[in-house]
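Okay, structure first, notes after.
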Amino acid sequence: MNPSREDTRVAIVGGGVSGLALATFLHLSGVACVVLERRERAYVEMRQRAGVVEARGVRMFERWGLAERLLGGPVAQSIDYRIDGASHILEMAAEDGSPGRFCTQQMLVNNLLRELVDARAGDVRFGVADVVIRNDGEGRAQVLYTDAGGAHALDCDYVVGCDGNRGVSRAAIPHGVLAKTSHEFGYAWLAALVEAPVAGHPVMGVSDRGFVAQLPRGLQRSRYYLQCALSDTAQDWPDQRLWDEIRLRMGDAAIANVVVHDKEVIPLRSVVHAPMQHRRLFLAGDAAHLVPPTGAKGMNLALYDVDVLGQALVAAVREGDTRALDAYSETVLPRIWRYQEFSAWMTETMHDAGDPAQRGAFRRMTARARLAALFDSPAARRLHGEFQRGTA
Ligand SMILES: Cc1cc2nc3c(=O)[nH]c(=O)nc-3n(C[C@H](O)[C@H](O)[C@H](O)COP(=O)(O)OP(=O)(O)OC[C@H]3O[C@@H](n4cnc5c(N)ncnc54)[C@H](O)[C@@H]3O)c2cc1C
């Protein structure tokens, strides 16, 4: 049976943070778009991930006039770098008055859905399957997909792949067009979502037993991250082992066991696929790049891609001016590499400085010297703060 045919300006594959933010911007700008999301809405609404929208993202939502509606949460002020149990508080508050905001990715996604779908009747189609992108001819592009109603074909001017690292968009680009540059750090994080808020400041900790962090995930919850072996699974970390290890690495015997909602092992790696475009198909967010979570930049880079790409798509569709679209990769890749550098620096410093088995005594001492410079040198602290806030 022939698929039903429809037409739009921009088809967006993936309704995570990048796809929904891009669709909201296009909608506000009067550019017709359709989001195709393989999961059901309830699943998308429940998914827990990142926690801080940095200053650049806050300014983007302010420009759209939606910052107050999309970003709840208090202003992000400081981080507790806990070295062998001793706290070093680094301020994140920006001198230019543009700090980041603690807003979980889940909260942002929910607010985007309310704004785009419920308030503005934006077109987000959940539960789609078998997405195929046709982007090979001189003419317009086409996205094929199926849902409970059958097979569909969506003709469009442009397709944006916002479908994460395991989506179909990147694979739709012919072999040989993209170059993959990647790095494996050789260890993983056990991520545990728990029913307890961060008591003081968010913590990034170093101890002989390895890295530990506690970051806010909403007002009632937080997520602990513990460095672990790449071969570990969540089953290797029963709750009692988790809490014993948290107390030791945080240097705080008073931390109580509370409910653990989920545990996941995340290998730490950096990946960039470039260029982030081919003919009428553009990649944004995790579909194009992954950063290790140490720098908390994944969601923020996704928002940065969407900011640049959204404006370029509006210029192309509304004014026929494709210059910014043609230059999309060139425009965003320098920032992506700066954030890769910052995230790799943070990752190596925080892990080398901890467990001496990681990279040996010499690396341990040089990593600790880097951390000491961070606490003692105003210049090092300023640069670090600019990266943390996203004003670098
Ligand atoms: C545990 C964890 C902690 C993190 N912590 C942080 C942090 O503290 N700070 C930070 O900035 N970043 C963090 N990140 C990274 C951040 O969550 C990602 O960078 C961000 O989700 C990227 O957004 P995205 O829209 O590109 O991809 P995603 O959020 O992955 O969205 C992709 C969407 O595409 C859909 N999809 C996939 N395949 C298809 C298909 N074939 N057809 C249709 N739809 C499809 C998916 O269902 C999903 O909804 C973390 C990530 C994880 C996993």
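Results, tabulated for the structure shown:
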read-out: Set 224, 158, 187: member being crowded, with 16+ Cβ neighbours inside 10 Å and not assigned by TED's automatic domain parsing to the domain that holds residue 367; value: 158
read-out: Criterion: touching a Lys or Arg at 6+ places or on another chain (Cβ under 7 Å), within 16 Å of the ligand (Cβ to nearest atom) and in contact (Cβ under 8 Å) with a residue 12 or more places away in the chain - qualifying residue of 273, 261; value: 273
read-out: Residues (part of a helix (DSSP H, G or I), among the hydrophobic types (A, V, I, L, M, F, W, C) and surrounded by fewer than 16 Cβ atoms within 10 Å (Cβ to Cβ)) located in the stretch 349-376; value: 361, 362, 365, 369, 372, 373, 375
read-out: Filtered residue count, the stretch 276-321, keeping only those that are in a loop (DSSP other than H, G, I, E, B), more than 9 Å from the ligand (Cβ to nearest atom), in contact with a Ser or Thr (Cβ under 9 Å, 6 or more places away or on another chain) and in contact (Cβ under 8 Å) with a residue 60 or more places away in the chain; value: 1
read-out: So residue 329, is it assigned by TED's automatic domain parsing to the domain that holds residue 9 and either over 17 Å from the mean Cα position of the chain (by Cα) or of a type in the set (S, T, N, Q) (or both); value: yes
read-out: Any chance residue 145 is surrounded by 15 or more Cβ atoms within 10 Å (Cβ to Cβ), more than 23 Å from the chain's Cα centre (by Cα) and touching a residue at least 24 places away in the same chain (Cβ under 8 Å); value: yes
read-out: Listing of helices (runs of 4 or more DSSP H) fully contained in the stretch 21-100 that carry 1 or more residues being of a type in the set (A, V, I, L, M) and modelled with pLDDT of 95 or more; value: 41-46
read-out: Odd one out for residue 241, checked against (1) assigned to a loop (DSSP other than H, G, I, E, B); (2) farther than 23 Å from residue 339 by Cβ; (3) without any contact (Cβ under 8 Å) to a residue 40 or more places away in the chain; value: (1)
read-out: Any hit, the stretch 253-270, residues being assigned to a helix (DSSP H, G or I), buried (at least 17 other Cβ atoms within 10 Å of the Cβ) and in contact with a helix residue (DSSP H, G or I) (Cβ under 7 Å, 6 or more places away or on another chain); value: no
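Yes/no per residue for (1) under 26 Å from residue 326 (Cα atoms); (2) part of a helix (DSSP H, G or I); (3) near the ligand (Cβ under 10 Å from one of its atoms):
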residue	(1), (2), (3)
107	no, yes, no
114	no, yes, no
121	no, no, no
132	yes, no, yes
146	no, no, no
155	yes, no, no
159	yes, no, no
164	yes, no, yes
171	yes, yes, yes
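The values are calculated or read from the model by the stated rules, or taken from the named source; none is laboratory data. Please read these numbers as outputs of a predicted model, since none were measured by experiment. With ideal geometry, Cβ positions are generated from the backbone for all residues, glycine too; neighbour counts draw on all protein chains shown.
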